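The values are calculated or read from the model by the stated rules, or taken from the named source; none is laboratory data. This one's a predicted model, so the numbers in the text were calculated from it and none came from an experiment. Heads up, the Cβs are rebuilt from the backbone with ideal geometry, glycines too, and the neighbour counts pull from every protein chain shown.
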Amino acid sequence: MIDPDKHLFLRDELSIHLEPQVFDLILALVEKMGRLATKDDLVEIVWHGLSVSDATISARINAARKAVGDTGRAQAIIKTVHGRGFQLNVEVKKTEATAQTPEPIRSDTQNIQFTRSSHGARIAFSKSGDGPPLVRVAHWLSHLELDWHSLVWRPLIETLDSRNTLYRYDQRGTGLSSRELEGADLDAFADDLRAVADANNLDSFPIFAASQAVPVAIRFAQRYPERVTGLVLYGGYAKGRAVREAAQGDIDEETILGLIRAGWGKADSPFVNAFSTLFMPDATPAQLASFVKMQTETVSPENAALLRKIIDRFDVSESLKSVRTPTLVIHAISDAVQPVEQGRILASEIPGARYVSLESRNHVPLPQEETWAQMMHEVGLFLDG
């Protein structure tokens, strides 16, 4: 059943969360009542006539099939008519909103637990979704509970755990993990990753890492090559800003630290707004507000500054050639936090790595961007392979 007025989609009487474009795509197929919907039809209805790639359409079709319990191989519900478009093979009940219509509910949950890492650090981790394991390496601004409901991070979590059992954790010093930073360095953060993998009896698994989590993932893959089956590295770097030569558009460490010290966690501070905008200049006001709110809950101002100093000194440049794990490197071309040159270094130095560039200026991936579908499509293809 699909209810356009309440943006509600039910399958087997269970509410399924859908991204807006996926909902609109399914609704468009329903409106056709079994007739063919061409790609032009879908572009006009779902993307309002904007130019989109075949990969973007394919990614949304795959998500729609997942929502209705179909697959690209079976095509029992959503059929591809090659060279022409798509067709719905079953009847879907469309209803108007009524007082008796149930409100959407989450059909998934996360299970939060704790483990111990080096220096006695307590590490909070969570498990959600179903399927083969995938570990998302912690980064410096995360909180397992807040991320679960975040306008910024929730879409990424939903996408990753829709096809995998997703393991996430808060690194030491942040979120639900120990706030102490004794002994915190690159090896300690790799220890946190190992502790989470060991606590979940994960012998081998692929890794999704973003930003400063990228050098952590590389260090882990170097130390435990037999445990890592694949690396997805988004917006990362080989050398932190404090130990690399400044590239064009690269923001120096003192500027970042100055913004943190001046307004960390203050919603009305122009400094923290400027800091947040660096990470996602195309965010909506609601997404920016969510990002700012997470700051006070995730890490103290003192730890935020200290962590930035630590991660800005990560250097795995000498380790790249020794990585033998299949690797996908993705980087936004106009990323202001980690310059695109760092992504190109990763891809060129890691043997056999595949490189994908995104026409974006956001360091944090945003679901409303055209490049979001491209990124998720590439990640899905890589993990399937």
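Kindly indicate whether LYS79 is of a type in the set (Lys, Arg), modelled with pLDDT of 85 or more and not assigned by TED's automatic domain parsing to the domain that holds GLU359. Give the derivation first.
Details: of a type in the set (Lys, Arg): yes; modelled with pLDDT of 85 or more: yes; not assigned by TED's automatic domain parsing to the domain that holds GLU359: yes.
Yes: the conditions hold for LYS79.
Checked against (1) in a helix (DSSP H, G or I); (2) charged (D, E, K, R); (3) at pLDDT 80 or above, ARG261 passes all but a single condition, namely (3).
Among the residues of segment 110-157, those identified as among the β-branched types (Val, Ile, Thr) and surrounded by 18 or more Cβ atoms within 10 Å (Cβ to Cβ) are THR115, ILE123, VAL135, VAL137, VAL152, ILE157. From the list PRO225, PRO206, PRO285, PRO270, the lone residue that is more than 24 Å from ASP161 (Cβ to Cβ), under 23 Å from the mean Cα position of the chain (by Cα), of a type outside the set (Phe, Trp, Tyr) and surrounded by fewer than 22 Cβ atoms within 10 Å (Cβ to Cβ) is PRO285.
Residues in segment 362-378 that are more than 22 Å from ALA336 (Cβ to Cβ) and surrounded by 22 or more Cβ atoms within 10 Å (Cβ to Cβ) were compared, and the one that is modelled with the lowest pLDDT is ALA373. Consider PRO206 against the criteria (1) modelled with pLDDT under 95; (2) touching a Phe, Trp or Tyr at 6+ places or on another chain (Cβ under 9 Å); (3) closer than 30 Å to LEU18 by Cα; (4) of a type outside the set (Val, Ile, Thr): it satisfies all of them except one. Which criterion is unmet? Failed condition: (1).
Given THR229, THR277, which one is closer than 24 Å to SER360 by Cα and either in a helix (DSSP H, G or I) or of a type in the set (Val, Ile, Thr) (or both)?
On the way: THR229 fails: closer than 24 Å to SER360 by Cα.
The unique qualifying residue is THR277.
Taken as a whole, the condition of being without any contact (Cβ under 8 Å) to a residue 12 or more places away in the chain and within 22 Å of ARG154 (Cα to Cα) applies to PRO285.
For segment 320-352, a residue qualifies if it is among the hydrophobic types (A, V, I, L, M, F, W, C), buried (at least 19 other Cβ atoms within 10 Å of the Cβ) and assigned to a loop (DSSP other than H, G, I, E, B), and the qualifying residues are VAL323, VAL337, ILE350.
Scan segment 9-19 for residues that are at pLDDT 75 or above and among the aliphatic types (A, V, I, L, M) and jot them down. If you could, list the steps in order and put the result at the bottom.
Start the filter on segment 9-19 by keeping residues that are at pLDDT 75 or above, which leaves 9-11, 16, 18-19.
Passing the criteria: LEU10, ILE16, LEU18.
Looking only at residues of segment 47-66 that are assigned to a helix (DSSP H, G or I) and surrounded by fewer than 18 Cβ atoms within 10 Å (Cβ to Cβ), we find that the one that is modelled with the lowest pLDDT is ALA55. Just one residue in the set ALA197, ALA217, ALA190 is assigned to a helix (DSSP H, G or I), assigned by TED's automatic domain parsing to the domain that holds PRO339 and touching a Phe, Trp or Tyr at 6+ places or on another chain (Cβ under 6 Å); that residue is ALA190. For segment 239-253, the criterion of being among the charged types (D, E, K, R) and more than 21 Å from PHE279 (Cβ to Cβ) is met by at least one residue. The conditions of being surrounded by fewer than 15 Cβ atoms within 10 Å (Cβ to Cβ) and assigned to a helix (DSSP H, G or I) are not met by ASP24.
Here ARG261 does not qualify as among the basic types (Lys, Arg), under 22 Å from ASP147 (Cβ atoms) and assigned by TED's automatic domain parsing to the domain that holds ARG361.
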